[in-house]
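The values are calculated or read from the model by the stated rules, or taken from the named source; none is laboratory data. Everything numeric here is computed off the predicted structure, so don't read it as measured data. Neighbour counts are summed over all protein chains in view; Cβ atoms, including those assigned to glycine, are modelled from backbone coordinates with ideal geometry. Please note that ligands, DNA and RNA were not included when accessible areas were found on the heavy atoms of the full protein model with its side chains. Shrake-Rupley method; radii C 1.70, N 1.55, O 1.52, S 1.80 Å.
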Amino acid sequence: MAHREFAGKYPENTIAAMSGSARDDAEMIEIDVVPCADGEVVVLHDNGLSERDDGEQSLTNADELVWEMDCESVLNAEVLESGQTVSTLREVMKTIPSSICVNIEMKNPGSEEVISEGLSCQELETQEEL
């Protein structure tokens, strides 16, 4: 399974990563998706365009939260100085061969909190609407 499309080898969540994972005989590709402010769904692991789990190099050349940005701006963000940019879910799904399974993780738009059983009914309804 190519977690984040073999993120250690390719610039994650990019068309190059999808194509590379297919060439490397991945049986399954795991991707993360989040909607932009205008509703288009993009493939991106982090809530913000500059975030990184390991505190290393910024993911892209932008700083905003994905769900607060218009899709055009998100799609123009360069990933890890690779020359590759963020892609829409539609573009990515067209790139992945039908022989490869895809695991899609939906991120939590509108909040950097993890949805849990501890949310009140109103908080849960708000997150479901987002």
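Structure values in brief
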| quantity | calculated |
| --- | --- |
| Boolean, A37 is modelled with pLDDT of 60 or more, within 15 Å of the chain's Cα centre (by Cα) and either open to solvent by 30 Å² or more (accessible area, probe 1.4 Å) or over 20 Å from T95 (Cβ atoms) (or both) | yes |
| Whichever residue in the range 69-95 is at pLDDT below 85 and among the charged types (D, E, K, R) and, among such residues, is nearest to E40 (Cα to Cα) | E78 |
| Number of the condition not met by L59 [criteria: (1) over 14 Å from P11 (Cα atoms); (2) of a type in the set (A, V, I, L, M, F, W, C); (3) modelled with pLDDT under 85] | (1) |
